[in-house]
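Down below is the structure, laid out as structure tokens.
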Amino acid sequence: MGEFKVHRVRFFDYMPSGIRALAFNRDIERIAVARMDGSVEVFHCSDRFFQEKIIPGREQCGIEGLSWVGERLFSAGLNGGITEYDLTNQKVKYTVDAYGGPIWTIAGNQQGTHLAVGCEDGTVKLFEVNEDKIQFERNLDRQKSRIISLSWHPSGSKIAAGMMDMIQIFNVETGHSVHRLLADRGVGTSRSKECVVWSVVYLSDGTIISGDSVGMVKLWDDQTGTLIKSHNVTKCDVLALSVSQNEDSLVAGTSEGTVVQFQFISMVLGKDDKEWVRTRTFKNHTHDIRAVAEITTAVVSGGMDAQLVVRPLLDKVEVRSAASALRKIHFPHRRLVSCARKSGLMLFQYPGHLELWRLGESEGKGMPGSSLFVKRNPEKLLHLKVKGEDHIRCSAVSPCGEWIVYSTASSLRLYRLHCDNNNVSITKISKLPMVLSSANQLCFSSDSSHLFSASTQSSVHLVSLSQSGCKFVGTLKPKSGERTIGFGVLHIIEDGKWLASANSDHEVHIYNLQTRKAHCTVPVYSSAVTAMGIHPTTNCLFMMYADQQMCEYSIEQKQYTDWSRMVQRKGLHRFWMERDTPCLNVMFNPQHPSHVILHDTYMLCIIDQSLPLPDDKTQFYNQLTLKSLPEEQRKSHSHAFKVCKTFKDILCVELMSDQSLVVVERPLEDVASQLPAPIKQKKFAT
Amino acid sequence: MATLYEGYTLCGVGPVQNSSNIGILGVEQGRDIDYVLVTDSSRSITVYKVSDQKPTGSWSVKQGQIISCPAVFNTQSQEYVVVTDDRVVRVWKEDDVNLEKAFKATVSADVLRVLSATDSEPVVLFCCGAVRFLDSLLASPQQPIEDVLTEDEIIRGEHCLYVQRFNPNTLVKHRIETEPGLSAPISFSATCRGSNIHLLYLYLNGSVYESVLPFRSSSTGAEGVQALSCSLCLSLPLGEEKLMSGAAVVLDEAHVAVIGFPHPSAGACKDYLCIWNTHFQTLQASKEMAGRIYSQLWCYSGKLYVPHGKMLSVIPFDCQKSSLAAAMGKLKQTSRSGKDFSSDIYEMLTCKNRKTCQNTFCLIFKPLQMDCSLVEDVQAEVGEFIRRAPQADLQLAAGRVALELVSRSQTDANFYPQCAFLQLLETRYLCYSVCPELLSLAMVKKDFHLCQIAFQIFSDIPEAVTCACLKAILSTPDLEMETVNLDTDSVIFMKELTQAHSRSDEEGGQLNGFCPPALESDVSDTPSNKLQRDPLSLDMSCPVGLHKGALLNEVLQTAYSDRSLLPHLKDLTVPQVIVFLQYLRFLYFKYSHDAHKQIRALRTPSISQIIDWVCLLLDAHFTVLAVAPEAKRLVFDLHKFVRSQVKLYAELGKIEGSLQVLKNSKQSEDFGMYAIQVIELF
């Protein structure tokens, strides 16, 4: 089949940011995740938790809470502002200052009319949600200490607010406090420390559940204001609570990294006398869990260790499948690395800066499995800091390595790179065309003569690049004229004739670059496109979907290819479908036109379209078997999917012009070693 | 097996100048393996291309000068080196025409030899025992040369061995410890194997001794003479005639070429080139050499260079790695008369000069020579002899005694000292080639007990004899066989094997956890009752008796080479083949059921031995088995079973790679931040 020289790169110090808040929207099955660096991500829960949207953060924005109101997403943070997001364009829509100091929590009522925020100054502020903005309505009775947590009664008439040492119940109508529930401080030395009520949940039957810094989950009655029951969950803090929609299950996240489930079940079988009983404990995190969300069939949790864990509740799963498996999402479903294929450069995208590296060189040849002598080490050429507070949204380096472009929410910058011998200098291209004010996605043409930018307004802008500067050439718009947003993937084929763009509505448009007209649209599939590529010789568009399906679409004939139909007819192998990370790049090998190179976080795969497809009886991961078989028997055992599991925690794979592969890995152990120390726990016999 | 191929003459040898040495001073390796450098004593040096038998270059010294040592080729500098008139070192290149114009240097002491080795600088050995590298010597030719040898020693091959090591420079003097009374060795050969130097010396009395000298000896600054122990590794047969000259050269670790000694079976006075196996003391190949033999023999890259008569012959040879069975062969024991024999022994013992032993021999051979002596007496004498004889002598003598007893048993039908044979066998000094008639005698006498012991002890039974025994065993009725007294361990094994079968039958199933490999149920002619459901439990009764089985097991464990065995296997009759195959199938099924694992026995045939024999039998009788109706069922069963096993192993083979990776995965692949690796996808 083939040997590849692989540059294994592990010096991309990408650090995922810790998760601060989660918000689940049951109606559209999306979960929003807020991270410490202020970025907000939206995952599609029923599409294999594909990360649909990423809204980059900014310096010092410190989101503390997230809330859905209908299909609108709001966040509030320590900067004192409430932010609404433009999810279609993946950017901040507006920010309103609440004038109450840092905001610790935000909660929307179920009716979708109001937002409540809890402020440092002790006020709970109500905002009315209007058509296109939010409007401050009034304050509830001001308290002496900050408001840490809030929960609306499902009816919308009452609000429970967690504070220092107590919980207040407000009547929304009057704005007065109805009850004051005193939370006990810890015993012994922690007696002197305040008890922080980190999280409250107000159930429709009037039960208020609180989680606090003493490690207790307490149940209160809002009529009498008395404690019904208390569960000691942990010695540390209970940081987050979340209740299921039908209020029969509750999960609590602790700073030990455990998620504790409580269920509302009857103690005696058949009787209607139900109680909250602690049932299960999950331990999937190493650090504090800052947010939990109980979604329909799973518990989603996130915390300081920056991974989003989807733990299925098997009693609620009807059919066990790959979609309902335990899932840990470590890395964004976008590419953070772009490679200059012809000049051996790599551009690493960090939130606040870019790094340009030159790959090393090897000497001699080696046996498969061996490491070659590195004649020249990789070299960091450039460290480019972002101007302003916004984090980078997207970036690209041109295939020739001469151009670098990046975009934040507010600006786009294009640089020209000069490399002579060992001196590297860059010049910023000034006077960019107006259309290049900001971009969702950036891409250079394969001959580096054009820059394509998926704008926030519509479609794709075409800009020609030359020594003198850049010039706006035209805009590619879909035929129908509806607002479609360039999303995620953008790809230009080798001869520069075709361009394809996929958007968040799962639409894929193909444009003819010579006429600059829309050529056709690929039939819409239910799952999101995670990666695509246009074959340089056959002009077929190869698409990978979040549900692990793959399609090959002939651009010239405007139909799926025979191979694609065969794949759909025969179905993909079970093991292929069970992979839990999306494919992030589609590449083609010019030397083997029948090969398609794909990768996800855990594997590198070459699909040989000339070989038979595996069926469910075939051994899918057969590389080791083939290796041990003699040459002549390999043919009969091989199938189209050649999966290489040598690499793990892959961020990027790229095939360079010299046929070598660049594999950028970010080992999770390295990530874990850079995290702050978790809470020290006494282990037996230590 | 070693082979001597047809030789050819490389060149003629000049007029013989003196009696002991002929015209050739030496033959040395040329610039590659196809070239040799022949130095003759008549002032000329010739380079021959061996494959063409043609000279490619020749140089001569002026009249009046004498070449005093064989010319060598310096592989480092690609130059030829020779010493003339004892002190003048001459160095020239291939394209130099005149030796007189070549570089020369006069050194300050007499040079004995220049020694060349591939990939290293030649060394110059002086008559006084000092050694110098050629390059350092030529750098300052007049440097003083120290005396290593004491005044009354010369380098010729006395009982002392000087070992000089470079880096660090050490000199160790070893005294070769041989039998007293031996004169100096007539020929030496040294090889390096591993970290040892192996020295081989040949004495005129036909003894070949070997000494092993480690490269790095522990005693560094020892001033005194160290004893160098040596072991006798070969005793060459001596002819009637007194030998004058001979030479030996080591070919590989097991083979040595000897010239000048008679072929054991040919007339004594002929001069032969022989290849002997020192491990088994067997003659591997021989070639008669016409004309006079000199004490000269060289070996370079698979060719022996033998000066004989008036020519220098090149004889290619081939020494294969010999299995024990293959090492036997050409040495046919010549039948000797008893008188000859005992005189031989007498001679041998006298030269060993051990009186006690000699006395013992006299005790034995007196009664042996009396035809009327009783079997019991002989047995008692043999027992006494074995008890009293020293180990080293026993090794040589046991075979001779056995041979004598066998020959007498063959002539005298009433004489069969079974106990004496068993006693001799138990010394473990006998092997088949020492006494080949013993096994056939036992067969004739139907002494299966002796056969069994012989099978256990002899590792060199020829395939023809193995087959003859097999045939005899198979043709003997079971009833007769059961009365034979056999080695108990083997019989217990057979008992256990057959009992394991009956036990599992009683339990009505297999051992715990055993699941027979799935076979296609295409057995159309079998009714589906409980027994038939598991095709492996078909016919699991032992087809032969216990004792016959025990003997067959011994046959299975003998060493053989299949190519030699195959023609002899064809001698078996069809019923014999079928019975044997049935037995093998029985064993194979038993083994597959893992029954034998629970039986503790010292000697059991291995599963691969069983399979090999099945294959051989099928190969030998394929056509017969294909048409014989009574064999159909048997072959069919075997086929089915083998097919299921092949399937199983194919599946196991598939996971081999994964297991290998699991094994290797422990080595962590920590390559830091960056590495360029090669991966292969299949």
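Laboratory data are not the source of any read-out in this text; all were calculated from the coordinates shown. Since the structure is predicted, the reported quantities are computational estimates derived from the model, not experimental observations. When we count neighbours, we look across all protein chains shown, and the Cβ atoms used for this are built from the backbone with ideal geometry, even at glycine.
So if I place +1 on the C-beta of Lys and Arg and -1 on the C-beta of Asp and Glu, and nothing else carries charge, what would the dipole magnitude of region B:558-661 be about its Cα centre? I want it in debye, nearest 20. Working shown, then result.
Numbers: 13 positive and 9 negative charges, 52 e Å.
Roughly 240 debye for region B:558-661.
One quarter of the convex hull surface, Cα atoms only: what value does that give for region A:310-372 in nm²?
Taking the Cα atoms of region A:310-372, their convex hull projects to 8.4 nm² on average.
Could you go through region B:563-568 in sequence order and give the Karplus-derived ³J(HN,Hα) for each residue, using 6.51 cos²θ - 1.76 cosθ + 1.60 with θ = phi - 60°, rounded to whole Hz, and x for Gly and Pro?
So the Karplus estimates, Gly and Pro as x, are 5, 7, 6, 3, x, 6 Hz.
Amide H of A:Lys229 versus every other amide H placed in the peptide plane: which residues, excluding those fewer than 5 positions away on the same chain, fall under 5 Å?
So A:Lys229 has HN proximity to A:Leu219.
Obtain the radius of gyration and the Kirkwood radius of region A:536-639 from its C-alpha atoms and give Rg over Rh.
Over the Cα atoms of region A:536-639, Rg/Rh equals 0.96.
Using a 10 angstrom Cβ neighbour count of at most 10 plus a DSSP loop assignment to flag exposed trypsin sites (Lys or Arg not before Pro), which longest range of chain A is free of such sites?
Between the exposed loop sites, the longest stretch runs A:432-616.
In terms of modelled amide H atoms, which long-range or inter-chain residues lie less than 5 Å from the amide H of B:Ile293?
Excluding prolines and chain starts, which carry no amide H, the hits are B:Gly309.
Which ³J(HN,Hα) values in Hz, rounded to whole numbers, follow from the phi angles of region A:2-12 under the Karplus curve 6.51 cos²θ - 1.76 cosθ + 1.60, where θ = phi - 60° and Gly and Pro get x?
Working through the residues one at a time gives x, 10, 10, 8, 10, 8, 8, 9, 10, 9, 7 Hz.
If you plug each phi of region B:74-90 into the Karplus form 6.51 cos²θ - 1.76 cosθ + 1.60 with θ = phi - 60°, what whole-Hz ³J(HN,Hα) values come out, in order, with x for Gly and Pro?
8, 5, 5, 9, 6, 10, 9, 10, 9, 10, 10, 6, 6, 10, 9, 8, 10
Please list, by residue number, every one of the chymotrypsin sites (Phe, Trp or Tyr not before Pro) in region A:580-686 that is coil in DSSP and has at most 11 other beta-carbon atoms within 10 Å.
A:Phe684
I want to verify the translational diffusion coefficient of the protein assembly as shown in µm²/s; compute it with Stokes-Einstein, Rh as the Kirkwood radius over Cα pairs, at 20 °C and 1.002 mPa s.
Estimated diffusion coefficient is 52 µm²/s.
Would you mind ranking B:Ile679, A:Ile295, A:Ile289 so that the residue whose beta carbon has the fewest other beta carbons within 10 Å leads the list?
Fewest-to-most Cβ neighbours within 10 Å comes out as B:Ile679, A:Ile295, A:Ile289.
How far apart, in nm, are the 7 Å Cα→Cβ label points at B:Ile33 and B:Ser475?
Spacing of the two 7 Å Cα→Cβ label points: 4.9 nm.
What number comes out for the charge environment of A:His639, summing +1 per Lys or Arg and -1 per Asp or Glu over other residues with Cβ under 13 Å away?
Local charge sum for A:His639: +2.
Rg and Dmax of chain A over Cα atoms: what are they, in angstrom?
27.0, 84
For region A:19-101, just list the percent of Cα-Cα distances falling in each 5 Å bin from zero outward, please.
Pairs per bin, as whole percents: 3, 16, 29, 27, 15, 6, 2, 1.
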